[in-house]
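Accompanying notes for the structure given below.
The values are calculated or read from the model by the stated rules, or taken from the named source; none is laboratory data. The structure presented is a predicted model; accordingly, all values stated were derived computationally and were not measured. Backbone-built Cβ (ideal geometry, glycine too); neighbour counts: all protein chains shown. With ligands, DNA and RNA removed, areas are computed over all heavy atoms of the protein, side chains included. Shrake-Rupley method; radii C 1.70, N 1.55, O 1.52, S 1.80 Å.
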Amino acid sequence: MYFQDDGAHSVRYAPYSPNTGFYFVKAVDRTRYFFNCLIKLSDLIQQSGSHQSALTAVLNEHVSYRGLKVKILSRDDDEFPGGFHYHRRKPYMKQLIAGKKQPYVFHMSWTTNKENKRQFFQQLGDWYNSCRSNTKIDNMPEQSANACCSVEPIIKCHYRDK
């Protein structure tokens with residue numbers, strides 16, 4: 001399992017600080033068992049108020065007792081940036097905007113909601129969805145879903161400090 005480093009290094013997420021909004025998992029028996037246990041322990045999410053801390057607790061147990069392999073992609077690397085980079089690494093963001101950094105994935109974590117993510121990506125010049133935010137494309141015919149994709153980025157300024 002590969003996780004982005006969330007950037008929040010409190011005891012609550014120790015020792016891994018995995019970002020649970022975007023991660024890679026190889027579908028093998030060990031990872032299937034992990035997610036099966038996580039689902040069965042979903043009351044941890046209600047109790048802790050955080051799917052991230054619940055996943056971390058179950059992850060710790062499975063690494064220790066079941067031999068689950070976990071890799072955290074360093075927040076100091078440039079290939080998989082997230083909300084930590086957007087909000088706390090201004091020099092990196094300037095290089096990204098200038099085209100000097102080319103990440104594989106940019107997961108906009110550390111945001112309040114989907115609207116907040118959309119605004120950050122529009123300001124970054126990395127938003128290509130021209131459909132309204134409440135448009136559901138899951139059940140749309142392919143040609144209609146493709147109509148939501150813009151060739152050019154949709155750029156709007158929402159924040160003076162970003």
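Numerical summary
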read-out: Theoretical ellipticity at 222 nm over the chain - DSSP helices of four or more residues, -39500 (n - 2.57) apiece, nearest 500; value: -11500 deg cm²/dmol
read-out: Distance (nanometres) between label positions extended 7 Å along Cα→Cβ at residue 10 and residue 129; value: 2.8
read-out: Probe 1.4 Å, all protein chains present, accessible-area order of 110, 127, largest first; value: 110, 127
read-out: Whole-number D in µm²/s for the chain (Stokes-Einstein; Kirkwood sum over Cα pairs; 25 °C, 0.890 mPa s); value: 138
read-out: Dipole magnitude (debye, nearest 20) for the chain, charges at Cβ of Lys, Arg, Asp, Glu; value: 260
read-out: Charge-dipole axis of the stretch 1-90 as Lys and Arg at +1 and Asp and Glu at -1 on Cβ define it, positive-most pick from 81, 13, 59; value: 59
read-out: Diffusion constant of the stretch 61-123 at 4 °C, which comes from Stokes-Einstein with the Kirkwood Cα-pair radius and 1.567 mPa s, µm²/s; value: 97
read-out: Descending semi-axes in whole angstrom, ellipsoid equivalent of the stretch 1-97, from the Cα gyration tensor; value: 27, 15, 11
read-out: Solvent-accessible area per residue, Å², over the stretch 11-162 with all protein chains present [probe radius 1.4 Å]; value: 68
read-out: The stretch 1-140, relative contact order in percent, only Cα pairs under 8 angstrom and at least six apart counted; value: 23
